[in-house]
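Worksheet: one structure, shown below.
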Amino acid sequence: MIHSLFLINHSGDIFLEKHWKSVISRSVCDYFFEAREKAVDPENVPPVLQTPHHYLISIYRGKLFFLSVIQTEVAPLFVIEFLHRVADTIQDYFGECSEGIIKDNIVTVYELLEEMLDNGFPLATESNVLKEMIRPPTILRSVVNTLTGSSNVGDTLPTGQLSNVPWRRAGVKYTNNEAYFDVIEEIDAILDKSGTTVFAEIQGVIEACVRLTGMPDLTLSFMNPRLLDDVSFHPCVRFKRWESERVLSFIPPDGNFTLMNYHVSSQNLVAIPVYVKQSISFFETGPCGRLDITIGPKQTMGKTVENMMVTIHMPKAVLNANLTATQGTYTYDLTTKVLVWDIGKLNPQKLPNLRGSLSTQVGVPKPEDNPSLNIDLKIQQLAISGLKVSRLDMYGEKYKPFKGVKYLTKAGKFQVRT
Amino acid sequence: MLDSNKDSLKLEAMKRIVAMIARGKNASDLFPAVVKNVACKNIEVKKLVYVYLVRYAEEQQDLALLSISTFQRGLKDPNQLIRASALRVLSSIRVTIIVPIMMLAIKEAASDMSPYVRKTAAHAIPKLYSLDPEQKDQLIEVIEKLLADKTTLVAGSVVMAFEEVCPERIDLIHKNYRKLCNLLIDVEEWGQVVIINMLTRYARTQFLNPNINESLLEEGSGGDKTFYGSDEDEDEDEEEKEKNAEAPAMAKRKPYVMDPDHRLLLRNTKPLLQSRNAAVVMAVAQLYFHLAPKAEVGVIAKALVRLLRSHSEVQYVVLQNVATMTIKRRGMFEPYLKSFYIRSTDPTQIKVLKLEVLTNLANETNISTILREFQTYIKSMDKDFVAATIQAIGRCATNIGEVRDTCLNGLVQLLSNRDELVVAESVVVIKKLLQMQPEKHSDIIKHMAKLTDNIQVPMARASILWLIGEYCEHVPKIAPDVLRKMAKSFTNEEDIVKLQIINLAAKLYLTNSKQTKLLTQYVLNLAKYDQNYDIRDRARFIRQLIVPTEKSGALSKYAKKLFLALKPAPVLESPFKDRDHFQLGSLSHLLNAKAGGYQELPDWPEAAPDPSVRNVEVKDSVRAVGTVPEWTKCSSREKRKEKKVEKPFYSDSEGESGPTESADSESDSASGSESGSGSEESGSGSESVESEEGSESEEEEEDEEEKNKKKKKKELKKPVQEIKLLSLFPVEPAPSPQVTPVNTFLSNSLVTDLEGLSLSDTVLSPATIAPSSALKNYELLHRITGEGLSVEYCFSRQPFSPDANMVAVQMQFTNNATSDTKNLHMEDVKLQSGMRVKEFPEIELLPAGETAAAVMGIDFCDSTQAANFQLCTHTKKFFVSIQPPVGELMRPIFLTENEFKKEQGES
């Protein structure tokens, strides 16, 4: 299984290594660096590489490469999924997953890695179990630690691994019992030049934050569960109940977790909240081009569209942009050739517009490909698919919890072709 | 600092050392100083010392031995977690001398009562195996033992060990197959991946190909059918004769019936498609792809498409697998065509893979949308991707005849593209397309000939020249002119172009020697003095071949045939063709090369091996007197199988059992007539108890089940018995003992129960029922958690005298500690509404090593909700709970036939 793990930063330095079996020399990473050179972008490095004696499987997260060394046949997704779980755990513990953070907490990270794998096979990957063994650092605790000299290693042993519900730790106690659910939907869409939808679907996720005492057994039901085309669950959800009654029945983990992911199929009509009128053209003669973009609300169900943002990857030949925006600000990054127009709130009375000229390199033929527009937006208090949570019931405990559901619609991979 | 007395200093030192290790710096000099601290009391220091030890023990074997005794002590610790961690570190120390110690430790841990320790033992097996492969045989024994384990905790780890140590010993799986299938859903996700992959291989060796009929139907001709249809007698005869014929022939006549175990596997893995873990989803997908009947494979498409929303690395792997699947099963992904549309923000490697999938999915109906989509891709800024798109268009054109012309026209338009790479790629693809039907397209060739002036990419130039040469008869006027131009620029061309110029010259010379003779001579002369020996060689060879001299041999006569032979058009194939001989989702499949340790996916067997090997023997309960009659045994086994199938999601039963079943059991006690349905409930109730007590030994579980079955039988039988008896002995008052002879076919224990029966109208006084010998003891408090105090309870099935509505619970307290326990009593009883408890009298003193008994009563209110309370001693409090199996909530009631009918009418 997984033999070793190397963490490599953007400039190619190995700053952490962990071996679960015998030690493998760092030189094995040279093959990876070679591939990294060859691929222009870090995203284009093949995730699986073959070297004479080992296989290298890597992921790219937060400007870091997590590179694992494999010696024998193993499902590549198994390794990739595990590496992402490592990154998630680090993020969960320290708030972010970056080189600086890992270097600051190198001992904790090392201990985490030690607990997560045994002989290369995953042992404890549930964050509730891990947190019982190795407590995450908090500001208060770090002050206490410097004073008393104790560390973050929990002195209890992981009882969670023994229970029937390994994702929940035992003996949870809160004074305020709360359960919050965020229904977040992302619209993935491709619109073509004329504004017609080439492809659109909705990807949703229910993020939960549950702080309840004891062993609560929750049931979450929807007004319209038929909408959901495809779902995937946290292991705590009882699949049988979903199959038969279309309700989510589960004993929740403690704290934040992703309860379920769902997909509303492209067969259903997807409401596109905004329309975009755009024209980007480059002139045959003279080194310039013209850009004109207007955005207006389309199907917003009466809600305001917020955090509107348009990102355009310009062709290499575009030197500069001289534009005026009726609302918001724009920036053009000369090195990466990315134009960002930050609009903010969309006002239906006065549609935001960005227009002006683009100057291109002299002597280079005009770029013939038109860049596509990537759109970002947020709509509070709306699930664009129309999904509604009808009720949340709790069994097994006596107290009354405070319950809350929040809806949010975002643009996922929302692209307008030109 | 390590020698310091203060733990905080030691800890600081250890932290620095571990940080050094993490950064990859050598810290081995400190080994002796660190090892000293292995017995340190501070658990934090201890953990860090373990980390250090595991890392450096291999390099400093002698010194590492100093620490072994600490771990050996740890292996005997009463706390299961300490036992487990000691075993884990001990087995991680890669020192060959301690192999025997490890072996011993593993063997002991494998029969530990804690499933967590057993899991650690399973983890230790591959470690030991990699250290000393000679231990294989002994390890296999341990694996065999652990495979029989019934807990979900162990299953994943032991299958992992199985895969690493003895993947060829498929016979070990037989007995555990059904259990693994049933446990699968509750195993932790990483274990699921390993088990599913293993079961895929297993199923390939044990079951028949579910698609065998279809493949035969495709082959089978109509003639066969009419023959069989015309004369059935003859058909039968033939069947007799051909009984020993090979399996496929039999399958043709007998409709294929899927082995129930095969079905079980498919059914139990299906819910896992909803897992959040991509690796699990992929594992199930490959299982379905390799094992499911064609009609059912479709279910995996949706889940795989979902994974495309995940991280780009996951997408990369999934797309590779989808690409392979689309070649075999195109229809499966067709509805999801649009999910493979490409966004400009995808990384190039993802774009290329999506393109591959789109190309594979193209057919007559969707080709127009796909081509329209391709058109937008061609405008992309990512030139590698554009090149790949052009290739894809070429492949669509070759595969689908209808659109060939459209594609060709589109590609020709691309020839006027400004980007040279695009043009070059188009030329290469057009060349391949034209080879299929050159006659119609002489104008395209002409057009391309003109391009030679502009295009600089060598590959494209070479392609054009080859085309002109090959089809020079279609463009008789242009060809010599092109050659003239080329001759002029010959010296400046790339090698690959030069070779094609020579080819062109040779071909023209053969077809149109009048115009081109001099030009050819010139080109060949130039080539003769070229720097590249390949070109010089080629020139010499061609000159000898085509220019007739007196010496030239027989070959030159055939020169024309040699050069202008019809060449077969190239077939544009997907690079993913035939990749499916590797197990999908495996590393080998991804690399398209066999990785170390890859287990081949075996072909389907021609005839199914004996399915009975998977039958698990029903261990006859030791306590059941005499033998269980054959018919009961069979039916109970069948029942069991059914039930297991119905209830794959164990954890469900706990949560649900309460509210849903309480209603049923209520009606039960109200009317005995429904005892049939009630007993079924009791079955499921006992199941939920089992799932709680995973660590309970197998025998007990089986006993329990068996018992329930019997009880069910009993209850079902009772009214029937009575009726029968009444009709048989209408006048006899028939006191109970006389019944026995009639019941000989029932088990003896049943008989003893029936002894209590009387046929009088009065309800049998419950006191006459002798406590059944098969009472099951449940554990309330374990010796270890209770710090020496262990408590067991059983439902004594005696009436609880203070309150008839209460169930009597017989408790047995054993004091295993060295000191006396005082004041044992109950406190803080937590109950569901309606439930009541009569506490047992306080036990004043329980001396060490003694046992005491007490009876308490609980009114469960006909529900299976647990009664929670605290068990208090003079020093400690323990939280415990009692949950009744439904069967224990019932009380036998006896009715006459008339009463029975009356009750039946009412309910």
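The values are calculated or read from the model by the stated rules, or taken from the named source; none is laboratory data. Remember, it's a predicted structure, so these values are computed and weren't measured experimentally. Don't worry about glycine lacking a Cβ; one is built from the backbone with ideal geometry, like all the others, and counts go over all protein chains shown. To get the accessible areas, we keep the full protein, side chains included, count just its heavy atoms, and leave off ligands, DNA and RNA. Shrake-Rupley method; radii C 1.70, N 1.55, O 1.52, S 1.80 Å.
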Fraction of accessible area attributable to carbon and sulfur, the stretch B:1-83 (%, probe 1.4 Å): 52 percent
Keeping all protein chains in position, work out how much accessible area B:Ser513 exposes to a 1.4 Å probe, and write it in Å² to the nearest 10. 60 Å²
Each residue of the stretch B:104-115 in turn: what ³J(HN,Hα) in whole Hz from Karplus with 6.51, -1.76, 1.60 and θ = phi - 60°, glycine and Pro shown as x? 4, 4, 5, 4, 5, 5, 5, 10, 5, 7, 8, x
What pairs from A:Lys103/B:Lys25; A:Lys21/B:Lys25; B:Lys446/B:Lys517; A:Lys131/B:Lys25; A:Lys193/B:Lys338; A:Lys18/B:Lys119 go past 20 Å between their alpha carbons? B:Lys446/B:Lys517; A:Lys131/B:Lys25; A:Lys18/B:Lys119
Accessible heavy-atom area order of A:Val210, B:Val547, highest first, probe of 1.4 Å: B:Val547, A:Val210
For A:Ile343, enumerate residues with amide H under 5 Å from its amide H, sequence gap 5+ or separate chain, H modeled in the peptide plane. A:Met308, A:Met309, A:Val310
5 Å is the cut-off here: which amide hydrogens, built 1.01 Å from N in the peptide plane, fall below it relative to A:Asn320, excluding neighbours closer than 5 in sequence? A:Ser359
P(r) histogram, all alpha-carbon pairs of the stretch B:282-413 included - 5 Å bins from 0, percent: 2, 10, 22, 22, 19, 13, 8, 3, 1, 0
Accessible heavy-atom area order of A:Leu248, B:Leu75, B:Leu66, highest first, probe of 1.4 Å: B:Leu66, B:Leu75, A:Leu248
In Å², nearest 100, what accessible area do chains B and A bury in total when the solvent probe is 1.4 Å? 8700 Å²
Here is the link list: B:Lys136/B:Lys294; B:Lys76/B:Lys145; A:Lys240/B:Lys294; A:Lys240/B:Lys145. Which ones come out longer than 29 Å on Cα distance? B:Lys136/B:Lys294; A:Lys240/B:Lys145
Check each of the trypsin sites (Lys or Arg not before Pro) in the stretch A:50-97 and keep only those in coil by DSSP with at most 12 other C-beta atoms within 10 angstrom; list them in order. A:Lys63
Enter the Cα centre distance for the pair the stretch A:28-48 and the stretch B:784-851, rounded to the nearest angstrom. 66 Å
Only Cα pairs within less than 10 Å get springs; with that Gaussian network setup on chain A, which residue of A:Asp104, A:Asp217, A:Asp393 has the largest fluctuation? A:Asp104
Please report the accessible area of B:His447 (heavy atoms, 1.4 Å probe, ligands and nucleic acids excluded) in Å², nearest 10. 70 Å²
Trypsin sites (Lys or Arg not before Pro) within the stretch B:470-500: which are DSSP loop residues with at most 13 other Cβ atoms inside 10 Å? B:Lys477
Residues with amide H under 5 Å from that of B:Asn816, placed H, sequence gap 5 or more: B:Leu789, B:Ser790, B:Gly849
Which helices of chain A meet both criteria: a Cα extent of 20 Å or more along the helical axis and a mean Kyte-Doolittle score no lower than 0.0, with helices taken as whole DSSP H segments? A:76-94
Using the C-alpha atoms of the stretch A:332-418, what convex hull volume per residue, in cubic angstrom, is computed? 193 Å³
Given a cut-off of under 8 Å on Cα pairs at least six residues apart, what relative contact order in percent is computed for chain A? 14 percent
Wrap a convex hull around the Cα atoms of chain A, take a quarter of its surface area, and give that in square nanometres. 25.6 nm²
With +1 assigned to the C-beta of every Lys and Arg and -1 to the C-beta of every Asp and Glu, and no other charges, what is the dipole magnitude of the stretch B:10-71 about the Cα centre in debye, to the nearest 20? 320 debye
Ranked order, B:Leu153, B:Leu104, B:Leu433 - accessible area, probe 1.4 Å, largest first: B:Leu104, B:Leu153, B:Leu433
Hull surface divided by four, with the convex hull built on the Cα atoms of the stretch B:16-171: how many nm²? 9.5 nm²
Could you size up the charge dipole of chain A around its Cα centre, putting +1 on the beta carbon of Lys and Arg and -1 on that of Asp and Glu, and report it in debye to the nearest 20? 1340 debye
